[in-house]
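Novice: If you scroll down you'll find the structure; I have some questions about it.
The values are calculated or read from the model by the stated rules, or taken from the named source; none is laboratory data. Every value quoted in this text rests on a predicted model; they were computed, and no experiment measured them. Cβ atoms come from the backbone with ideal geometry, glycine included; neighbour counts cover every protein chain shown.
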Amino acid sequence: MMADNTATAMNHLSQQPASAVINLSQASPTNASPSPNGDPEKQSPVIITSSMTESTTAPTITPSVNKYRIAALCLASFTAGLTDASVGPLIEPMKQFHSLPDDQLISLLWIAQAVGFILGAALISPLRSVKPFLHRDNITLLSANVLVFLSYLPLVCSAPLPAILVSFLSLGFGNSFNLAIGNVYCGSLKERPTFYLGVMHACYGLGATVGPLIATRMIVQTELDYGRFYSVTLCLALVNAMLLFWSFREYPPPPLGAVEDGNGEGAMGAARTITREDKTKTPGAWIKSHLHFDSKLVTLASLFIFFYQGAEVSNAGWTTEYLYDRHPASREKQDTYGYAMTGFWAGVTLGRVLLTPLGEKFPGGNKVFVYLLVVLSAGFQLMIWLVPNLIGRGVAVALAGLCIGPGYPCAMRVVMELIDERESGNVSRDDGEKEDGKTGAMGVISAFGMTGGAAMPFIIGNLNGPVGRWVMHPIVLALCTLMLTVWFFLPCSIADKRAWGPRRIHRVVQEVMNFCG
């Protein structure tokens, strides 16, 4: 009988992953210790452990599948940037079509979209905990992008303004799912996560770069109905829904040992669902589990992204008006000032592609790199304000976009590392709860960012009349100061602490100082 048990155990061990065997080899086979009465206690059973987080949540799939998923997320991000940046050139056609006397009602579009983002952040985590979603991101992404597709229909038809406001609200709701899941997925990749975060957000900048050009050429110069432009985004939304559903069809992968039942749901997944339902009976526990408003880390990260997107969108929205005010010219020449925003978004795109990978190689890692980016952005903001030359101001606008662009993906990578470190030591939560917590946290942070991108330009727009259009610059500089302050209180991750070590440049400087001394 003992021989049979030994053979069975060895056969079981041969089926365990490599991490389980390693943990077994590291465990002490003799952990007996004397009891208070002098008798040795029974030997503790050997516990076989394996990294369930890596097998259930981290993208450990083949590189080809990663490629398709990242491409689908990038296309969705491109569509969001195309939509957001094209609102500016379409404001006048919208006002003429709806016979609006001023900009007050049009400014509600950004507010409606921000409200949609906030609702999406509040509901993304609990929605992924119930049927038919149950942690299947392809179903979640399909539902979100079908909603985005339906949101473009009133815009294509040039519906009345209340319907347009509802459309922007639902656009924000659906895009919040894309952004939260995209941040979690790219930030959890095993190889070059910061680079792929930068690529995904660079695609947003690319869409924001070409969006105003397409809208101007397609609508403004031809005097067509503004709804014709949204036929392009309507088609892209349909393609996004299909690609995201197809590429994420097997993500997250089923946990080890899960047995499919007749309904296609693993027994482990069913047990996890029951356990989580038992843990979240009270409203207070539900809020803490899903919304993470009690987390200091999420609060600080949300404030940073709020200030970040407030500064970014304020620059993108009001710099052209500031150039109009400081360099008055004929209407024909004023049309060319809009190309300054193309330079800004082109700088954002290039910065996220070229500068974002430097964050992991920078002394101190992404945490210190973000400090440098914010300081440089503030410096170029001063140049936009103080340099009297129009060409110099245009160059400063592009360089400000180049420096502020990598701030978002680098900051998200730092936050992802900190969340992973805290969740890895939380044994009271299973892998599904940790994944939901990570996605919910990213949703809350993204919602705060969208709120900042709507609130700060709205405040600046209301101050332009009584104060002057120069008011944008001190507000953006104040936002940069607040970013640095909040970022200072954010803790460093273990990876960033390790990255802060002696570099070649440090040794060269030290040798020069020794030689001079």
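Novice: Quick one: residue 447 ticks every box in (1) at pLDDT 85 or above; (2) among the small types (Gly, Ala, Ser); (3) surrounded by 22 or more Cβ atoms within 10 Å (Cβ to Cβ) except a single one, so which number is it?
Specialist: (1)
Novice: Which of the helices (runs of 4 or more DSSP H) found entirely inside the range 338-421 contain at least 1 residues meeting this: hydroxyl-bearing (Ser, Thr, Tyr) and farther than 17 Å from residue 304 by Cβ?
Specialist: Answer list for the range 338-421: 339-350.
Novice: Among 329, 340, 316, which is the only one that is over 28 Å from the mean Cα position of the chain (by Cα), assigned by TED's automatic domain parsing to the domain that holds residue 489, at pLDDT below 90 and of a type in the set (A, V, I, L, M)?
Specialist: The match here is 329.
Novice: I would also like to ask the following. With (1) assigned to a helix (DSSP H, G or I); (2) on the phi > 0 side of the Ramachandran plot; (3) not charged (D, E, K, R) as the list, and residue 158 as the residue in question, which single condition is left unmet?
Specialist: Of (1) assigned to a helix (DSSP H, G or I); (2) on the phi > 0 side of the Ramachandran plot; (3) not charged (D, E, K, R), only one is false for residue 158: (1).
Novice: Within the range 459-470, can you find the residues that are assigned to a helix (DSSP H, G or I), surrounded by fewer than 18 Cβ atoms within 10 Å (Cβ to Cβ) and either among the aliphatic types (A, V, I, L, M) or touching a residue at least 40 places away in the same chain (Cβ under 8 Å) (or both)? Spell out how you get there, then give the answer.
Specialist: Step one: filter the range 459-470 for residues assigned to a helix (DSSP H, G or I), giving 459-464, 469-470.
Filter once more, keeping what is surrounded by fewer than 18 Cβ atoms within 10 Å (Cβ to Cβ): 459, 462-464, 470.
Those that are assigned to a helix (DSSP H, G or I), surrounded by fewer than 18 Cβ atoms within 10 Å (Cβ to Cβ) and either among the aliphatic types (A, V, I, L, M) or touching a residue at least 40 places away in the same chain (Cβ under 8 Å) (or both): 459, 463, 464, 470.
Novice: Suppose the filter is outside any loop (DSSP other than H, G, I, E, B), modelled with pLDDT under 85 and either under 17 Å from residue 179 (Cβ atoms) or not assigned by TED's automatic domain parsing to the domain that holds residue 193 (or both); does residue 53 pass it? Spell out how you get there, then give the answer.
Specialist: Working: outside any loop (DSSP other than H, G, I, E, B): yes; modelled with pLDDT under 85: yes; either under 17 Å from residue 179 (Cβ atoms) or not assigned by TED's automatic domain parsing to the domain that holds residue 193 (or both): yes.
Spelling it out, residue 53 is indeed outside any loop (DSSP other than H, G, I, E, B), modelled with pLDDT under 85 and either under 17 Å from residue 179 (Cβ atoms) or not assigned by TED's automatic domain parsing to the domain that holds residue 193 (or both).
Novice: Suppose we filter 216, 299 for residues that are modelled with pLDDT of 55 or more, part of a helix (DSSP H, G or I) and either of a type in the set (A, V, I, L, M, F, W, C) or under 24 Å from the mean Cα position of the chain (by Cα) (or both); which single one remains?
Specialist: 299
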